[in-house]
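Take a look at the structure set out below.
The values are calculated or read from the model by the stated rules, or taken from the named source; none is laboratory data. These figures come from a predicted structure and were not determined experimentally. As a convention, Cβ positions derive from the backbone with ideal geometry for all residues, glycine included, and neighbour counts pool all protein chains shown. Each accessible area value is taken on the protein alone, full model and side chains, heavy atoms only, with ligands, DNA and RNA left out. Shrake-Rupley method; radii C 1.70, N 1.55, O 1.52, S 1.80 Å.
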Amino acid sequence: MSGLIACHECDLMQRVGTLPEGSTATCVRCGAILHKRKPNSIERTLAFALSGLILFGVTNAFPFLSLKIGAQVQETKLITGILELHKSGMSEIAFLVFFTTILVPFLQLTGILYVVLSVRFGRLYPKFRRVFRYINLLQPWGMMEVFMLGILVSIVKLAKMAKIIPGISIFAFFALIVVIAAAISSLDMHLVWEKCDQYRKKHR
Amino acid sequence: MRPVPQKTPIITARQASLISCHSCHLLCKPTALGSNHGLVCPRCGAKLHSRKVNSLKRTWALILAAFIFYIPANLLPITTVISLGKAQSDTIMSGVIYFIHTGMWPIALVIFVASVFVPFLKLIILTYLLITVQRRSTWRLKDRTRLYRITEAVGRWSMVDIYVVTILVALVNLGALATISAGPGAIFFAAVVVTTMFAAMSFDPRLMWDAKESLNGRIQHT
Ligand SMILES: [Zn+2]
Ligand SMILES: [Zn+2]
């Protein structure tokens with residue numbers, strides 16, 4: 001059964017041989033992407049995940065947006081709105097925002113780092129398979145790029161009332177969106193599972 | 001992007017009595033793995049199912065719930081602003097209308113599309129896909145699969161209004177311009193976004209293609 005996979009969207013079986021680096025195999029019947037072969041997948045993903053963690057720290061430590069009214073400047077952090085919502089009794093929404101803009105990106109970055117380091121050093125860390133499965137499950141719930149659109153709308157909305165000054169954190173946040181997307185797209189899922197399989201067979 | 005050279009005959013994993021792992025895409029032979037219930041992928045450890053479990057029932061239930069949440073989400077206030085002792089509540093639509101009146105067309109359009117149009121369209125498309133699966137339709141399968149893919153991808157953008165409320169709450173309350181708080185509409189709206197996302201995830205596009213296989217099978221047998 002080597003090289004044979006079934007399309008996850010139409011179930012058609014087809015043979016996907018070893019693809020040249022950087023190429024994509026699509027389903028002949030429905031057009032779904034079956035496999036993308038990434039050049040230097042592990043090293044690239046490692047670099048993106050590490051820089052992502054640094055950007056994540058900056059994003060959460062520094063002021064996000066500041067509001068200037070007269071001579072008075074008020075600073076807010078990424079978490080401020082979430083805490084305010086929680087205080088006013090809207091804990092469900094506070095949690096949803098926290099989950100999609102802070103928790104999921106953090107779990108994605110640490111999870112990817114864990115998996116990639118494991119493959120890089122040729123040994124399976126504990127719960128490797130579970131961590132890698134959960135990374136894929138979390139992916140639809142990371143919504144930082146949607147939050148970015150929310151920031152733009154809010155700035156326009158408040159423009160008449162006060163002056164909004166973007167903080168360092170907002171630039172780090174923007175870079176973080178790009179870096180997480182790059183880390184996810186450079187991680188070759190099939191390659192990681194193959195390595196995992198090889199290792200398990202060798203050490204059985 | 002290039003299509004895979006096709007050497008193997010047109011046959012699905014299900015027709016070959018194989019199960020494709022939803023997590024790592026390994027083709028597994030169920031007979032080699034023991035009993036029929038509680039099959040586990042030998043490579044990644046995920047539970048194996050030929051199709052998503054109870055896909056149609058789950059998707060219908062989630063869609064119905066989302067349709068119900070959609071009504072209070074649009075009728076109840078999403079924000080309440082108190083300034084100079086005067087309280088003003090805004091629903092999603094009254095927010096859109098405010099932006100139109102103040103000449104901010106692009107923002108009005110973004111909010112309307114993301115918060116009103118996309119969730120509704122998503123519900124309509126999923127309902128349509130469910131009905132076509134149940135009627136075993138083989139009409140334009142490739143386009144319907146594409147429609148599903150788009151539906152799955154755009155749903156997240158509906159969260160934008162929730163984020164706007166969060167940012168406004170942070171900025172306005174700190175600036176002491178006024179006090180702004182999230183209204184009950186926001187909770188229902190968040191529920192619409194989350195349930196439609198789960199609905200799209202629980203729908204199995206392979207069910208659409210199964211209609212084609214059962215049709216082909218009938219032609220071959222008779
Ligand atoms: Zn396909
Ligand atoms: Zn698997």
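What residues of region A:177-204 lie in the reach of a label at A:Val58, counting those whose backbone N is under 14 Å from a point 7 Å from the Cα along Cα→Cβ? Counting only backbone N, you get A:177-180.
Would you please classify the overall shape of region B:54-221 from the alpha carbon gyration tensor, given that a ≥ b ≥ c denote the square roots of the eigenvalues, rounded means a/c under 1.5, and beyond that prolate means a/b larger than b/c while oblate covers the rest?
prolate
Dipole orientation for the protein assembly as shown: of the candidates B:Val164, A:Pro20, A:Ser66, A:Pro20 has the Cα lying most toward the positive pole (charges on Cβ; Lys, Arg +1; Asp, Glu -1). The angle between the Cα long axis of helix B:55-75 and the main principal axis of chain B comes to about 10°, on a 0 to 90 degree scale. Each Cα pair of the protein assembly as shown feeds into the Kirkwood radius, which the Stokes-Einstein equation turns, at 20 °C and 1.002 mPa s, into a diffusion coefficient of 90 µm²/s.
The residues of region B:54-221 expose on average 47 square angstrom of accessible surface per residue, using a 1.4 Å probe on protein heavy atoms.
Rounded to the nearest 10 square angstrom, B:Ser20 shows an accessible area of 10 square angstrom against a 1.4 Å probe. Treating each Cα of region A:40-202 as an identical point scatterer and summing with the Debye formula, the log10 of I(q)/I(0) at q = 0.10, 0.12 Å⁻¹ comes to -0.45, -0.61.
When cysteine pairs in chain A are screened for C-beta atoms closer than 4.7 angstrom, the residues that find no partner are A:Cys196. Solvent-accessible area assigned to carbon and sulfur over the protein assembly as shown amounts to 65 percent, based on a 1.4 Å probe. If you count Lys pairs in chain A whose Cα atoms are under 22 Å apart, skipping same-chain pairs closer than 8 places in sequence, the total is 13. Within the shell of other residues whose beta carbon sits under 14 angstrom from the beta carbon of B:Gly95, the net charge comes to -1, with Lys and Arg scored +1 and Asp and Glu -1.
For q = 0.26 Å⁻¹, what log10 I(q)/I(0) does region B:127-198 give under the Debye formula with an equal point scatterer on each alpha carbon and no solvent? Ignoring solvent entirely, the Cα scatterers give -1.12. If both residues of a DSSP beta bridge must be in the protein assembly as shown, then about 95% of such bridges are antiparallel. For region A:164-204, the spherically averaged projection of the C-alpha convex hull amounts to 4.1 nm². Heavy atoms of chains A and B lose about 6600 Å² of accessible surface on contact, summed over both sides with a 1.4 Å probe. With the convex hull of its Cα atoms as the shape, region A:15-59 has an orientation-averaged projected area of 4.5 nm².
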